[in-house]
Every structure is written in C-alpha cells, then in structure tokens.
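Trainee: I have a structure I would like to understand better, so I am pasting it below and will then ask my questions one at a time.
The values are calculated or read from the model by the stated rules, or taken from the named source; none is laboratory data. Predicted model, so just to flag it, every value in this text is computed and none were measured. Because the Cβ atoms are built from the backbone with ideal geometry, glycine has one as well, and the counts that use them run over all protein chains shown. Side chains included, ligands, DNA and RNA excluded: accessible areas come from the protein's heavy atoms. Shrake-Rupley method; radii C 1.70, N 1.55, O 1.52, S 1.80 Å.
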Amino acid sequence: MTLKNKVFIGSLWSFIGNVSFQLSGLVIFIILSRILSPVDFGTAALAIVFVELTNTITRYGLVEVVVRNKNNLNLENSVFFSTILIGIVSASFFIIASPYLEVLFEAPGLAISLQLLSIVPVIQALSTVPEGLLKRDFKFKELAIRLLLSSLFSGAVAIYFAYASYGFYSLIIQKILSIFLSLLLVWKAISWRPVLSFSVTGILNTLKQGQPILLSSLVGQGIFRFVELIIGFFLGVVALGYFKIAGKLLDVIVQFTIRPIVDVSFSAFANLQSDSNELEACFTKFITTTALFALPIFVGGFVIGDEMVYLVFGDKWSESGVIFSILCLSGFSASLNYFFAPLCHATHNSHIPFRLRIVEFIVVIALVSVFSQYSIYHVAYSNVVTATILSLGMLLILKKKFCFSINVVIKALLPSIVSSLMMGGLLYIVLYLFFTDPTPTLKVTLSVLIGCSIYFLIYKVIFPERVQEILNNLKNLKG
C-alpha cells in the first residue's frame, strides 16, 4: 500500500473513531448527568484533573518519539521502561498526597478517588509504546475500535453503578475501565514485546527526545486543567461540576461544526505554504466556511442557553445554562483561533503557537484566579476575555509574519457576524414577546426553526454575492 493510501485510510478511520467516540461519549455523559448530582460530577472532575495532568507527564511526549523512530528496538525498550518508572512515581504521589489534597480543596471523597485513580498513570505508561507503534504503522482502525469499545463498555458500567447509587465512584470506575480496556486492546493489536534490557543512559536520552513535546503538551493541557483546579479550590466542587457540564455542551458544538474542517486544514496549508497569496485565500475560505455554520449556533446558544442545558442535561443543571450562554460569546473568536495553529505548524512556524500558548496560560491563570474570587459566572467571562485577546494577537501575527491583510480576514467574517447578531436580536424579540412561557423542548425547537430561517434570509438578502462564494468554497473543500 502506498503512503498516500495509508494516509487516506488512516485519516478515514481516525475520523470514524473520533466521531463514534464523541457521539457515544455524549450519550453516556447525558445519561450520567441526569442521574448524578453536581457534587458527584465536581468531585470526580477534580480528581480526574490531577490524573490527566499526571498522564501528560507520564507519557512524556514519547508516543510521538516512537512514531518518528522506525525499527529502533533499543529506543522502544527505553520508552517502555521510562514511562513505567514515571507511572510508578506518579501513582505513589497520588497514594501519599491524596489525603492532603482532600483537605486543601475541602472536597470530601477526593482522597479515595485519587487513590483509586492512582493505577491510571501505570496503565497509561504501559500503553505508550503500543499506541506509538500502531500510529507509526497507520493502524488507525485498531485505535478507532479501541476508542469506541472502551468508551461503550466503560460507559455502560458507569451508568449501572450510577443507577445503583454509587455517586462519583461510577465516574471513577468509568475512567479506570476505559483506560484498562484500551490497554488490553492495543497490546492485542501488536506483536512487539519488551525485553528486560535497558540502560540508564538510554532512558535519559529517550526522555531528552520527548522533553520538547512534553513541554508543549503541558502548556496546552495546563490551560484547561489549571482552570478547573482553580475553580475547585476557590469555588468548590459544585461550581466545578456546573462548569464541566457547560464546557461539555460547548465542546460538542466545536466538535461538530469547526473540528472536522480543522482536521483537514493542515494538509491544505502545507501544500500552499510557498504561495502567500494562495495561503491567505485558503485560510480565509476556511474561517469563512466554519463561521457560516458555527457563529449562528453560538449566538443561538447565548439566547437559549438555559433551555438547551435543561433539555439535554435536566433541570438540576440550570446554573450550567447561564455559564454556557456566557461561554458562547467566545464563539466569535473560535473560527480564527482554531485554524491559527495548523497554519503555523504547516509553514514550519511551530514556535509561534507554542509561545502564544505560554502567553495564554499566563493570562488565563491570572484572570481566572482573580475572577474566581467572585463567582463561576465571572470565570466564564474571563474565558471570553482571553479568547478575544488571543484573537487580536493572532490577527497581528497574521499581518506581521504571514503578510495577511487584516481587513481581508475581518471582511470575510463580517457577513456571518452581522447575520448572526441580527438573527440573535430578532430571535430574542420573537421568543420573549410572542412565546412568553413555552416548554424548553418547544422553545429550543422554535428557536432552531425560526433562527435558521432568519439567519439564512438575512444572509441572502444583505450578502447575496457571498452565498454563491460559500457554496463554491464547500465544493472545493469536498474536492
């Protein structure tokens, strides 16, 4: 099989796996949210935050090291024992520190959660080499199957324990089962086995290779994880639970409106990197196309956020509805922000998003630390402020580094922004003047029907020339 065919088939299976995982995960998440309380979700989320940060350290960027080094048995062996060592140290940390962390965060149940989850870093360590080997050999089918099966089985078990009144333990069990099943499936898919032969020098050299990747991953993961830690510390696990629910619904919008196009943008940018004019035109088309579909959804989410959360997750998550509405304001920056990193990576400017991530990390932590002194709603607003600041910074970098015209970029987004804002205003007037007390189901249904009609009517009337241009862009993306 040629490299082109491997890339195509691998991308297809990766897409299938991610979509299946997202859909199954969303259904399971909705069911669990209707059974468990905000305290349960917040306690489990706080424990899992620590584990996710530790998992990034445990893997140490070594999955990527395995992928880019072919037929190097010594390296694979060194990676295996390096990650095992880090995993054991991480597990020991959780066992020892968990009682103190429970007292520090004033979160009953956090200690036992962390002690149960202490096995996770070791399991993640054991899966590092197999996952790298599968990715290196383009065996994304096996990875996709692993992702889906582990999600479905662990989710079903979690739902059973939730119905049996096990509370946050059901979420902890789901996490452990999911990773353990993934481990079994990836080891079954490879023939490589470790040998009891390694050197300290080899391990140190291996860790040195993974260090740059680790730092980049830590900054990216840290932005989200530290926000959750700060919320848990200052506002408590209940507020964290509300924030997680709102963030989940926002992530669903991103995954199904922006992410599918972002995933193919890297290849397009890479092919056009030598032609700045074509590169600018391609970037503009990508953000225009995603803004066309994503922006009205974000504006609609701002208008009927309460009803959307009520309909999907239930009335006990009403606080999450307000948070979700606020977070939807960051949607105005999303189309630009999500395509910036692929553009930089494809043009050999990976240092730019890395430095920007560091700035983002500092800004986010500072703002969230200040705003969390007031309420969870202020924290949500701080996320919107951060996204806006980043967008302004990205526009300046696009102009200075890539010689893109800011006017062209803004002009490309303007029709979707204007149409979405007008739609939001008219939708609000229609709903609150003519439908004063509908059920959440009826209100969401009416909003979708009325909002879509208003949006596309405004777009077609005010920007008729852009409608045909968007249709041509979609045809090009399909090709």
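Trainee: Before we move on, is S419 in contact with a Phe, Trp or Tyr (Cβ under 6 Å, 6 or more places away or on another chain) and in a helix (DSSP H, G or I)?
Mentor: In short, yes.
Trainee: Which condition from (1) modelled with pLDDT of 85 or more; (2) surrounded by 15 or more Cβ atoms within 10 Å (Cβ to Cβ); (3) closer than 23 Å to S276 by Cα is the one that V430 breaks?
Mentor: Result: V430 fails condition (3) only.
Trainee: Say we look at region 397-427 and pick out the residues that are within 22 Å of T289 (Cα to Cα) and of a type in the set (K, R); which of these is surrounded by the fewest Cβ atoms within 10 Å (Cβ to Cβ)?
Mentor: Only one residue tops the list, namely K411.
Trainee: Sticking with this one: If I filter region 117-138 for residues that are at pLDDT below 85, outside any helix (DSSP H, G or I) and either open to solvent by 10 Å² or more (accessible area, probe 1.4 Å) or farther than 15 Å from I176 by Cβ (or both), do I get at least one hit?
Mentor: Looking for residues that are at pLDDT below 85, outside any helix (DSSP H, G or I) and either open to solvent by 10 Å² or more (accessible area, probe 1.4 Å) or farther than 15 Å from I176 by Cβ (or both), one finds at least one in region 117-138, hence yes.
Trainee: Being outside any helix (DSSP H, G or I) and either among the small types (G, A, S) or out of contact with any helix residue (DSSP H, G or I) (no Cβ under 6 Å at 6 or more places or on another chain) (or both) is the filter here, so list the residues in region 274-308 that pass it.
Mentor: S274, D275 - these are the residues of region 274-308 that are outside any helix (DSSP H, G or I) and either among the small types (G, A, S) or out of contact with any helix residue (DSSP H, G or I) (no Cβ under 6 Å at 6 or more places or on another chain) (or both).
Trainee: Evaluate region 352-373: report whether one residue or more is modelled with pLDDT of 90 or more, in a helix (DSSP H, G or I) and surrounded by fewer than 16 Cβ atoms within 10 Å (Cβ to Cβ).
Mentor: yes
Trainee: Within region 348-365, identify whether any single residue is in contact (Cβ under 8 Å) with a residue 24 or more places away in the chain, under 25 Å from I245 (Cβ atoms) and not hydrophobic (A, V, I, L, M, F, W, C), and answer yes or no.
Mentor: yes
Trainee: Separate question: Take the conditions open to solvent by 30 Å² or more (accessible area, probe 1.4 Å) and charged (D, E, K, R) and apply them to E76. Does it pass?
Mentor: No, not satisfied.
Trainee: Next question, about the same structure. Are there any pairs, at least 6 apart or on different chains, whose C-beta atoms fall under 7 Å, with the first in region 312-341 and within 30 Å of A281 (Cβ to Cβ) and surrounded by fewer than 20 Cβ atoms within 10 Å (Cβ to Cβ) and the second at pLDDT below 85 and hydrophobic (A, V, I, L, M, F, W, C), and if so, which?
Mentor: What qualifies is Y338/I258; Y338/V262.
Trainee: While we're on this one: Looking at E106, E64, can you tell me which residue is at pLDDT 85 or above and either in contact with a Lys or Arg (Cβ under 7 Å, 6 or more places away or on another chain) or among the charged types (D, E, K, R) (or both)?
Mentor: None of the other options fit; the residue is E106.
Trainee: Go through region 269-285 residue by residue and tally those that are open to solvent by 10 Å² or more (accessible area, probe 1.4 Å) and either touching a residue at least 40 places away in the same chain (Cβ under 8 Å) or under 30 Å from Y242 (Cα atoms) (or both).
Mentor: 6
Trainee: Condition first: free of Cβ contacts under 8 Å to residues at least 60 places away in the same chain and open to solvent by less than 20 Å² (accessible area, probe 1.4 Å). Can you find one or more residues in region 166-176 that meet it?
Mentor: Within region 166-176, not a single residue is free of Cβ contacts under 8 Å to residues at least 60 places away in the same chain and open to solvent by less than 20 Å² (accessible area, probe 1.4 Å).
Trainee: Can you name the residue in region 79-99 that is touching a Phe, Trp or Tyr at 6+ places or on another chain (Cβ under 7 Å) and open to solvent by 10 Å² or more (accessible area, probe 1.4 Å) and is also modelled with the highest pLDDT among such residues?
Mentor: Across region 79-99, the extreme among qualifying residues is I86.
Trainee: With A294, A346 as the choices, which residue is more than 24 Å from A239 (Cα to Cα) and surrounded by fewer than 21 Cβ atoms within 10 Å (Cβ to Cβ)?
Mentor: Matching residue, one of A294, A346: A346.
Trainee: Within region 399-408, is there a residue that is touching an Asp or Glu at 6+ places or on another chain (Cβ under 9 Å), farther than 24 Å from I261 by Cβ and of a type in the set (A, V, I, L, M, F, W, C)?
Mentor: No, the conditions are met nowhere in region 399-408.
Trainee: Just to check your reading of the model, which residue among F256, F266, F233, F224 is at pLDDT 80 or above, open to solvent by 40 Å² or more (accessible area, probe 1.4 Å), assigned to a helix (DSSP H, G or I) and not small (G, A, S)?
Mentor: F233
Trainee: Check off (1) in a helix (DSSP H, G or I); (2) modelled with pLDDT of 90 or more for F404 and give me the number that stays unchecked.
Mentor: Of (1) in a helix (DSSP H, G or I); (2) modelled with pLDDT of 90 or more, only one is false for F404: (1).
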